[in-house]
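The values are calculated or read from the model by the stated rules, or taken from the named source; none is laboratory data. Note that the structure is predicted; figures quoted are calculated from it, not measured. No Cβ is skipped: glycine too gets one built from the backbone with ideal geometry, and neighbour counts run over all protein chains shown. Keep in mind that these areas ignore ligands, DNA and RNA; they rest on the heavy atoms of the full protein, side chains included. Shrake-Rupley method; radii C 1.70, N 1.55, O 1.52, S 1.80 Å.
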Amino acid sequence: MTADLPTLLRRDHAEFHRELTLLLDPSATVADLQDGLDGLRLGLIAHAEAEDIVLGPIETSPRLVDAIREVRSSHLAQEKALATLVATRPGTDAWRVHAHYLREIVGFHARHEQAQLMPALRDHAPTFPSLAGLFATERLRQLGMLVPSQPILLPPELRADRDRFAQGSGQFERSEML
Ligand SMILES: [Fe+2]
Ligand SMILES: [Fe+2]
């Protein structure tokens, strides 16, 4: 059974924080930083895209329009900050400034989603119970469309989700790598 939406989002947000903290590790090698950035890039883009797509049908609801507009503008800010980080040489001072900034805005956004968006969805979105399943499916679809700059190892829980998805639709091969 799919966990509820707040739990799924909290899990991803914690993973992004962990990955961004690794990118700030001064002892990490350039190869570690590039690997870490690639995993973060795919996860963050797939997560935000899935949120935007799942929220699309309910974004005009008067009680939800402000919270969803805030989510969209935060996603755009994260996209810009991520692009800046991707264009920065790993391990430099500039890299750490950009990685730190991205960690701050992702963290702020995660807290906003839990404190503002989730209660609003629970109270005003009749489709709230089905949003978790829609999000999980859409995130996997997005992941399947994104191209990593080099093969990456999926975290076990994502591999399990992806294999469950594959058994359902047969879209993805069963393997360790994307
Ligand atoms: Fe999120
Ligand atoms: Fe978000």
Practice prompt. Could you give me the percent of Cα pairs per 5 Å distance bin for segment 1-60, shortest bin first, beginning at zero and ending with the bin that holds the maximum distance?
Written response: 3, 17, 21, 20, 15, 10, 7, 4, 2, 0
Fill in: 5 Å-binned pair-distance histogram of segment 31-90 (Cα, whole percent)
3, 18, 23, 19, 13, 10, 7, 4, 2, 0
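Roughly speaking, to the nearest percent, how much of segment 1-88's 1.4 Å accessible area is carbon and sulfur?
Working: 2610 of 4430 Å².
Using a 1.4 Å probe with all protein chains present, segment 1-88 comes out at 59 percent carbon and sulfur.
So how do 12-24, 39-51, 122-134 stack up, highest first, on mean other-Cβ count within 10 Å?
On the way: 12-24: 17.2, 39-51: 21.4, 122-134: 14.5.
The packing order, highest mean first, is 39-51, 12-24, 122-134.
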Response to the item:
Each label sits 7 Å from Cα toward the beta-carbon; between Met145 and Glu59 the label points are separated, in nm, by 1.4 nm
Worksheet item: Mind listing P(r) for segment 5-153? All alpha-carbon pairs, 10 Å bins, whole percents.
Response: 11, 41, 32, 13, 3
Discussion item. Could you give the length gained by full extension between His100 and Glu79, i.e. 0.36 nm per residue of separation minus their alpha carbon distance, to one decimal place?
Written reply: 6.1 nm
Worksheet item: Whole-Hz Karplus ³J(HN,Hα) for segment 48-57, in order, using 6.51 cos²θ - 1.76 cosθ + 1.60 and θ = phi - 60°, x for Gly and Pro?
Response: 5, 4, 5, 4, 4, 5, 5, 7, x, x
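Probe of 1.4 angstrom, ligands and nucleic acids ignored: what's the accessible area per residue over segment 5-153, in square angstrom?
Ligands and nucleic acids excluded, the figure is 50 Å² per residue.
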Discussion item. Let me cross-check Thr29: its accessible surface, 1.4 Å probe, with only protein heavy atoms counted, in Å² to the nearest 10?
Written reply: 70 Å²
